Amino acid sequence: MTEEPPIESSASLRLAKGPLVGPALCRVVSIVLARAHCPMDQIDDAMLVCDALSAHAPDHTLDGQLSFAVSARGGRFELRVGALADASAKRLVAESVLPGVGNVLERMTDELRIEPATAGGAGEELVLGMSF
Amino acid sequence: MTTDMQIALPARAENIAIVRHALGALEDAYALDAQTLSDIRLAVTEACTNVVVHAYPDGGEGPMEVLATMLGDELHVVVRDEGTGISPRPDSPGLGLGLPLIASLAESVQLGRDERQRTEVRMTFSLNNAPHHYDGAAARNGAGAAQAATATQPVGAATAQANPTDGRAADTGAAAGPATFGATESTGSQ
């Protein structure tokens, strides 16, 4: 049986604050990572990150909408979350603590930075990266 | 009207799987029954396939967007592209079942363009009675016949008709200005 080559892909997701945030984000991230041949344990890690983001990010939106830019290419996964209200990306990271695990966003990713919103928009973005 | 979920992807065949998988979030969030979700997935897959196959000819690539909005007991889904528009294509590789299939699954289908002249297929699904479960034989028998979807525009009265050759529709209103989606196709008899 020959193994399918990895599929590198990217997707943009815009979600209104509500019940779809968690399921939609987890589904898109998991399929993008799986098609890129990300190992199962790291897909699990990414799901924890998605759970943390969907639990806390909706409290920090500028307009009740969250944008997620997901990409997996060259063994690298990146997730951008925006547009967050000014100074709230840091709070979002601080809130993402699981008892017994610690800070999920910091522990499960190898890159975490805060940037001004893209395209000159208001607010800021949280950028998370993970190699696999 | 606030869109609940919007996905934007390059219009490639492999990305249709991402759309299908993402639509499963509707079941997780709103406890849709499996058959209704299956119908929604099939209709949206057909619309996305039309974008991949027809919207960007000659190997071109462009965006494909899927928007889903829950309004009461209805789900409104828009599949949008920035391609050439919906027009007859005698050399189409398809069987011509796409639009009839969508029409048989959705409560209503509307074709047209948005204010930025992007091509849109707008579908409405009833989540209450879900009476339009896919009947393959009916869809095949009806291909190119009564399921023609209709869109109206304020200027030029554009009309879109199902094309029996490729299942897309002939949109004669491409240059007629911003579209409003007026007439809809009732699909209750499919």
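Spatial offset of the range A:10-82 relative to the range A:103-132 amounts to 12 Å, using the alpha carbon center of each.
Largest first and in whole Å, the equivalent-ellipsoid semi-axes of the range B:1-59 read 24, 13, 9, each the square root of five times a Cα gyration tensor eigenvalue.
How many percent of Cα pairs in the range B:9-116 exceed 25 Å?
Of all Cα-Cα pairs in the range B:9-116, 19 percent lie more than 25 Å apart.
For the Cα trace of the range A:11-131, dividing Rg by the Kirkwood Rh returns an Rg/Rh value of 0.93. Label positions at A:Val101 and B:Asn128, each projected 7 Å from the Cα along the C-beta direction, are separated by 4.1 nm.
Shielding of peptide B:62-70 by partners, expressed as the average count of other chain Cβ atoms within 10 Å per residue Cβ, is 1. Could you list the residues of the range A:87-101 with an amide nitrogen less than 16 Å from a label point located 7 Å from the Cα of A:Asp59 in the Cα-to-C-beta direction? Backbone N within reach: A:87-99. Backbone geometry of the range B:2-14 corresponds, through the Karplus equation with coefficients 6.51, -1.76 and 1.60 at θ = phi - 60°, to 3J(HN,Hα) couplings of 8, 6, 6, 9, 9, 10, 10, 9, x, 6, 10, 4, 5 Hz, x marking Gly and Pro.
The angle separating the long axis of helix A:40-56 from the principal Cα axis of greatest extent in chain A is about 20 degrees. With K and R counted +1 and D and E -1, the other residues having a Cβ less than 12 Å from that of B:Ile40 yield a net charge of -4.
Here the Karplus relation 6.51 cos²θ - 1.76 cosθ + 1.60, evaluated at θ = phi - 60°, turns the backbone of the range B:31-36 into coupling constants of 6, 5, 6, 4, 5, 4 Hz, with x for every Gly and Pro. Based on C-alpha pairs under 8 angstrom that are at least 6 apart in sequence, chain A has a relative contact order of 24 percent. Between the amide H of A:Ile7 and those of A:Ala36, A:His37, distances stay under 5 Å, these residues lying 5 or more places away or on another chain, with hydrogens modeled in the peptide plane. For the range A:13-73, the extents of the C-alpha atoms along the principal axes are 35, 18, 15 Å, listed from largest to smallest.
Take the Cβ atoms of B:Asp73 and B:Arg116, set R0 to 35 Å, and the FRET efficiency comes out at 0.70.
Under 5 Å between amide hydrogens, built in the peptide plane, is the criterion, and for B:Asp4 it picks out B:Ala68, B:Thr69, B:Met70 among residues at least 5 positions away or on other chains.
Each value in this text was obtained by applying a stated rule to the coordinates, not by laboratory testing. For clarity, every value in this text was computed on a predicted model and none was experimentally measured. Every residue, glycine as well, gets a Cβ built from its backbone with ideal geometry; the counts of neighbours run over all protein chains shown.
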